[in-house]
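What follows is a set of notes on a single structure, which appears directly below.
The values are calculated or read from the model by the stated rules, or taken from the named source; none is laboratory data. Model, not experiment: these values are computed from the prediction. Here Cβ is always computed from backbone atoms with ideal geometry, including for glycine, and neighbour counts include all displayed protein chains.
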Amino acid sequence: MPTIENTTQEVLTLAEQHFKLAPGSLAASDDFFKKLGIDSLQTLELLSRLENHFNIELPDYEVQGVSDFKTLAERIQSRL
Amino acid sequence: MLDLTKYSSTGAALKDAVEKFANETCLIEADREREKERITYQEFGKRALALGRAMQDAGFQPADRASIIMTNQSKWLISAYAIFYSGGVLVPLDYKLTPAEHWQLLQHSGAKSLITEYSIWRLLSASPARSSVTNLQTVVVTEAPPNADLAGALRWEDFRSNEAPAFNPRDRKDVASIVYSSGTGGRPKGCMMTHENYLEQCVALTSLYPFWPGVRYLSILPTNHAIDFMVGFFGPFTCGACVVHLRTLRPEFVREGFTKYKIAYVSLVPLVLKNLQKGLQARFAELPPGKRKIFDKLVAINKALTKPHPRLWLSRRLLKDVHAAFGGELRAIIVGGAFTEPLTLQFFYDLGIPVANGYGLTEAGTAITVNDLHPFRADTVGKPLPGMEVKIVDPAPDGVGEVYVRSKTVMSGYLNDPELTAETIVDGWLRTGDLGKFDAQGHLHLSGRKKNMIVTEEGKNIYPEDIESVFESLPVKEFCVFAANYVWPRRSMVGEQLILAIHLENNQAFTEELKKDISQRNSRLLNYKRIHGIVLFDQDFPRTASLKIKRNALATLLAQLDRDHAILPL
C-alpha cells in the first residue's frame with residue numbers, strides 16, 4: 001500500500017493536471033476552494049477523477065466539509 | 001392532501017400524514033446506482049418516534065432547540081419529524097459551512113442537541129471553536145464506522161427507544177424553526193419561523209404546484225434551505241408524496257436518478273439550471289443538420305401551442321427524447337435562491353419543461369411570488385401567492401420602489417436581535433430591501449436591491465459586513481465593504497459585485513504593496529465572497545457616537561463619485 005505521503009503527492013499531481021496548473025503549484029495544506037476558486041460542481045469532477053485513478057469509491061458525504069488536499073488524501077488513504 | 005388550516009403545528013400535521021398515508025412510499029434513498037432505502041410513511045414514523053423517545057429520555061423538552069447538519073438524506077427528515085413530534089424547535093444549518101461557522105451558529109441558536117453525519121462531526125469535533133459552545137448537551141452522529149472515535153457523540157443506530165415518545169403539541173404562533181438566512185461572519189440572522197408560517201406557506205404553494213401520493217420530488221437543494229424544506233419535506237409529506245435523495249450529486253448519477261425514479265419535481269439554484277441549459281445546448285448542437293432542423297421546428301411548434309399555458313402531454317410527445325432524458329414525468333423545475341435570467345427560463349419552457357420561477361426570502365417564509373404558468377412569463381417573478389399582500393413603497397416615477405410584504409408566512413423576527421427585527425418588520429410589513437414594480441397583469445418585476453448585500457447565482461446571500469474581518473488590521477486609516485449596487489443603485493439583479501472602500505492615512509500613497517496585501521487577503525475568502533474592486537475615499541468615514549461606521553451615510557458620500565472611474569479593479 002502506498003504511504004500517505006505518496007498518496008498526497010498523487011492527489012496534488014492529479015489536481016494540478018485536472019486544473020491545468022504548473023507542477024508543484026499546489027501544496028498539501030492548500031484550501032482547494034480558495035486556492036482554485038472552484039465551485040462544488042468542479043469539486044465533484046475532481047473527486048471522480050481521483051476515484052478513477054485510485055480505483056476506489058469516495059462518497060460525496062464522506063468528503064463533505066473537507067477543503068484541503070492533506071485531509072482529502074487521508075480520506076482516500078483510508079479506502080485504499 | 002391534509003387540510004392544513006385545521007392544524008396548529010407542523011408536528012401535528014406530519015403526525016396525521018404518517019397515519020393517513022401509512023402504506024405510501026415517502027422516502028427513497030440511493031447511493032450511485034444502488035438503492036439503499038425505500039420506506040413507507042409508517043416506517044418513517046416508527047424510526048422518527050424511536051429517535052424522538054431517545055431524545056426525550058436524554059432530557060429534550062418542548063421548545064428546546066435541536067440542530068441538524070446533514071447532507072440531503074432520509075435521516076434528515078426522520079430527525080426533523082422527531083424534533084417536531086417532541087415539540088422542539090428545529091435549527092437546520094447549511095452543511096457547507098465551515099466548522100467555525102457551525103459552532104458559531106450552534107451557540108447563537110442555543111441548540112441543546114445536534115444530529116449530524118460522522119464525516120461532518122469529524123471536522124466539527126476537531127475544531128478549536130468547539131470549546132466556545134456551552135449549550136450543546138447531546139450529539140448524535142449517523143454513519144460512523146464501527147470502531148470510530150465519536151469524540152463524545154452518540155451513535156445514531158443505538159440512540160433509539162422502543163417506548164412511545166410523548167407528542168407535545170404546539171401553537172400556531174410558537175417557533176417551529178430557526179433558519180439562518182446569513183450572517184455567519186458578523187451578525188447572525190436567525191429567522192424565527194412559526195408553525196403558522198409553514199402551514200400557511202404550504203397551503204399557498206401546493207395550490208399552484210400540487211403533490212399527491214406516488215408523485216416524486218428529487219431533493220438536491222440542501223434541505224436546510226427554505227425551498228427544499230418546504231417542497232422537499234413539508235409539502236410532499238402533507239400530501240402523501242415521495243421524496244428521493246441521492247447521496248451523490250455527480251451529474252451522471254443525477255441524470256440517472258431522473259429516469260430511474262420518474263421525478264415530477266426538482267428544485268435547483270440558477271447556477272445549476274444554467275449548467276443544465278449549457279449541457280442541453282451542447283447536445284442539440286451536435287445533432288446532424290437535418291435532425292437539428294426538425295428539432296428546431298418541433299420546439300417552435302411546442303412554443304406556439306404552450307403559449308397560453310403548459311400542455312405537458314403534448315410537449316412530452318413532441319419533444320420525446322428531451323423529456324425521456326428527464327424521466328418523462330417531470331412536471332416542473334422549481335428554481336430559487338437567486339435571480340434567474342429570463343433567457344434560461346424561456347429555454348426550458350420552450351422545451352415543454354415549465355420552470356416555477358419566483359421570488360422569496362427566508363424571512364417571508366420561502367416564496368412571496370411565483371409564476372402561475374397561466375401564461376408562462378420569463379420576464380417576471382410571477383404574482384403574489386395566495387395570502388400574500390405585496391406593496392411597492394416610495395415608488396419612483398417609473399413605478400419602481402421597495403417591495404414590502406405582509407402575510408401569515410412572515411417570520412416572527414430575528415433571534416436575539418430585536419433591533420434588527422424592528423428595522424426589518426415595520427407595522428407588520430416585512431421590508432424586503434429589494435426594488436421592484438408591478439405590471440398591468442399583476443406580475444412583479446424585480447429591478448435591483450436597496451439593501452447592502454448581493455446574492456450569488458448559487459443562491460448565497462453575502463452581506464458585506466460578514467467578510468470585513470479578513471481585512472482587519474489592513475494598514476490604512478479605515479475601510480468598509482459595500483455591494484457596488486447599493487452605493488450606485490443600478491436596475492439590475494445580475495452581475496452584482498462587492499467593493500472595498502478605503503480611506504488612506506494622511507500622506508499615505510496607494511502602493512502596489514498595499515494592493516498586493518488586499519489581493520492576498522481577498523484570496524483567503526471563498527471565490528464567491530471576494531471583492532472585485534477598491535474605491536479610494538479621501539474623507540473621514542461618518543461614524544456613530546459609539547464609533548461604528550454609518551454605512552448608509554458613507555454610501556451616500558461614495559455615490560457622489562463616478563462609479564466607472566471610482567472602482568479600481570483588483
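Residues of the stretch B:141-166 that are surrounded by fewer than 18 Cβ atoms within 10 Å (Cβ to Cβ), in a loop (DSSP other than H, G, I, E, B) and either among the aliphatic types (A, V, I, L, M) or under 29 Å from the mean Cα position of the chain (by Cα) (or both): B:ALA148, B:LEU150, B:ALA151, B:ALA164, B:ALA166.
Take B:ARG250 and tell me if it is surrounded by fewer than 18 Cβ atoms within 10 Å (Cβ to Cβ), away from chain A (no Cβ under 14 Å) and among the basic types (Lys, Arg). Can you show your working first?
Values: surrounded by fewer than 18 Cβ atoms within 10 Å (Cβ to Cβ): yes; away from chain A (no Cβ under 14 Å): no; among the basic types (Lys, Arg): yes.
So B:ARG250 fails the test.
A Cβ distance below 9 Å, combined with a sequence gap of six or more or placement on separate chains, defines the contacts here; from the stretch B:445-468, residues that are on the phi > 0 side of the Ramachandran plot reach residues that are part of a strand (DSSP E or B) and at pLDDT 85 or above in the pairs B:GLY448/B:ASP434; B:GLY448/B:LEU435; B:GLY448/B:GLY436. Considering only residues in the stretch B:100-121 that are assigned to a helix (DSSP H, G or I) and within 14 Å of chain A (Cβ to nearest Cβ), the one that is surrounded by the fewest Cβ atoms within 10 Å (Cβ to Cβ) turns out to be B:ALA100.
Going by what's in this entry, would B:LEU124 be described as crowded, with 22+ Cβ neighbours inside 10 Å, at pLDDT 95 or above and either farther than 30 Å from B:ASP16 by Cα or within 10 Å of chain A (Cβ to nearest Cβ) (or both)?
Details: crowded, with 22+ Cβ neighbours inside 10 Å: yes; at pLDDT 95 or above: yes; either farther than 30 Å from B:ASP16 by Cα or within 10 Å of chain A (Cβ to nearest Cβ) (or both): yes.
In short, yes.
For the stretch B:531-548, enumerate the residues that are more than 14 Å from chain A (Cβ to nearest Cβ) and assigned to a loop (DSSP other than H, G, I, E, B). Within the stretch B:531-548, B:PHE537, B:ASP538, B:GLN539, B:ASP540, B:PHE541, B:PRO542, B:THR544, B:ALA545, B:SER546, B:LEU547, B:LYS548 qualify.
Listed residues B:TYR486, B:TYR528; which is in contact with a Lys or Arg (Cβ under 8 Å, 6 or more places away or on another chain), crowded, with 18+ Cβ neighbours inside 10 Å and either in the same structural domain as B:LEU343 (by TED's automatic domain parsing) or assigned to a helix (DSSP H, G or I) (or both)? Step through it out loud before you land on a result.
Working: B:TYR528 fails: crowded, with 18+ Cβ neighbours inside 10 Å.
B:TYR486 is the lone residue from the list that is in contact with a Lys or Arg (Cβ under 8 Å, 6 or more places away or on another chain), crowded, with 18+ Cβ neighbours inside 10 Å and either in the same structural domain as B:LEU343 (by TED's automatic domain parsing) or assigned to a helix (DSSP H, G or I) (or both).
Regarding the stretch B:477-484, can at least one residue be identified that is closer than 27 Å to B:VAL269 by Cβ and under 20 Å from the mean Cα position of the chain (by Cα)?
Taking every residue of the stretch B:477-484 in turn, none turns out to be closer than 27 Å to B:VAL269 by Cβ and under 20 Å from the mean Cα position of the chain (by Cα).
Here A:ASN55 passes the criteria (1) facing chain B (nearest Cβ under 8 Å); (2) over 24 Å from B:LEU97 (Cβ atoms) except the one numbered (1).
Conditions tested, residue by residue: (1) over 26 Å from B:GLU363 (Cα atoms); (2) within 14 Å of chain A (Cβ to nearest Cβ); (3) touching an Asp or Glu at 6+ places or on another chain (Cβ under 9 Å).
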{"position": "B:TYR198", "(1), (2), (3)": "no, no, no"}
{"position": "B:GLN201", "(1), (2), (3)": "no, no, no"}
{"position": "B:GLY214", "(1), (2), (3)": "yes, no, yes"}
{"position": "B:THR259", "(1), (2), (3)": "yes, no, no"}
{"position": "B:ALA264", "(1), (2), (3)": "yes, no, yes"}
{"position": "B:SER267", "(1), (2), (3)": "no, no, yes"}
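Yes or no, residue by residue, for (1) touching a residue at least 12 places away in the same chain (Cβ under 8 Å); (2) in contact with a helix residue (DSSP H, G or I) (Cβ under 8 Å, 6 or more places away or on another chain):
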position: B:HIS503; (1), (2): yes, no
position: B:LEU514; (1), (2): yes, no
position: B:ILE518; (1), (2): yes, yes
position: B:LEU526; (1), (2): no, yes
position: B:ARG530; (1), (2): yes, yes
position: B:LEU557; (1), (2): yes, no
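Taken over the stretch B:271-299, residues that are out of contact with any strand residue (DSSP E or B) (no Cβ under 6 Å at 6 or more places or on another chain) and within 30 Å of B:GLY337 (Cα to Cα) amount to 15. Among the residues of the stretch B:531-549, those identified as out of contact with any Cys (no Cβ under 7 Å at 6 or more places or on another chain) and either within 22 Å of B:ARG490 (Cβ to Cβ) or buried (at least 16 other Cβ atoms within 10 Å of the Cβ) (or both) are B:ILE531, B:HIS532, B:GLY533, B:ILE534, B:VAL535, B:LEU536, B:PHE537.
I'd like to check which helices (runs of 4 or more DSSP H) are fully inside the stretch A:2-80 and have at least 3 residues that are touching a strand residue (DSSP E or B) at 6+ places or on another chain (Cβ under 7 Å). Full working, then the answer.
On the way: elements: A:4-18, A:32-36, A:40-54, A:69-77.
Because the criterion is at least 3 residues that are touching a strand residue (DSSP E or B) at 6+ places or on another chain (Cβ under 7 Å), no helices (runs of 4 or more DSSP H) in the stretch A:2-80 meet it.
Among the residues in the stretch B:272-294, are any at pLDDT below 95, in contact with a Ser or Thr (Cβ under 6 Å, 6 or more places away or on another chain) and among the charged types (D, E, K, R)? Yes. How about the stretch B:199-218: which of its residues are farther than 17 Å from B:THR40 by Cα and among the hydroxyl-bearing types (Ser, Thr, Tyr)? Scanning the stretch B:199-218 gives B:THR206, B:SER207, B:TYR209.
Yes/no matrix, rows are residues, columns are (1) within 11 Å of chain B (Cβ to nearest Cβ); (2) within 13 Å of the chain's Cα centre (by Cα):
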position: A:GLU10; (1), (2): no, yes
position: A:HIS18; (1), (2): no, yes
position: A:SER25; (1), (2): no, no
position: A:ALA28; (1), (2): no, yes
position: A:SER40; (1), (2): yes, no
position: A:LEU44; (1), (2): yes, yes
position: A:LEU50; (1), (2): no, yes
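Among all residues of the stretch B:72-89, there is none that is touching a helix residue (DSSP H, G or I) at 6+ places or on another chain (Cβ under 7 Å), within 14 Å of chain A (Cβ to nearest Cβ), buried (at least 19 other Cβ atoms within 10 Å of the Cβ) and within 21 Å of A:TYR61 (Cα to Cα). Look at B:SER67 and say whether it is touching a strand residue (DSSP E or B) at 6+ places or on another chain (Cβ under 9 Å), closer than 20 Å to B:ALA12 by Cβ, among the hydroxyl-bearing types (Ser, Thr, Tyr) and not in a loop (DSSP other than H, G, I, E, B). Here the answer is no, as B:SER67 does not meet what is asked.
When the stretch B:489-525 is examined, which residues are found to be outside any loop (DSSP other than H, G, I, E, B) and either within 25 Å of the chain's Cα centre (by Cα) or closer than 30 Å to B:PRO270 by Cβ (or both)? Steps first, answer last, please.
Filtering the stretch B:489-525 for residues outside any loop (DSSP other than H, G, I, E, B) gives B:498-503, B:512-523.
Within the stretch B:489-525, B:LEU498, B:ILE499, B:LEU500, B:ALA501, B:ILE518, B:SER519, B:ARG521, B:ASN522, B:SER523 meet the criteria.
Summed over the stretch B:389-419, the residues that are in a strand (DSSP E or B), in contact with a Gly (Cβ under 9 Å, 6 or more places away or on another chain) and of a type outside the set (A, V, I, L, M, F, W, C) give a count of 5. Here B:GLY433, B:GLY442, B:GLY459 are screened, and the one residue that is under 18 Å from the mean Cα position of the chain (by Cα), of a type outside the set (D, E, K, R) and either in a loop (DSSP other than H, G, I, E, B) or in the same structural domain as B:ALA501 (by TED's automatic domain parsing) (or both) is B:GLY459.
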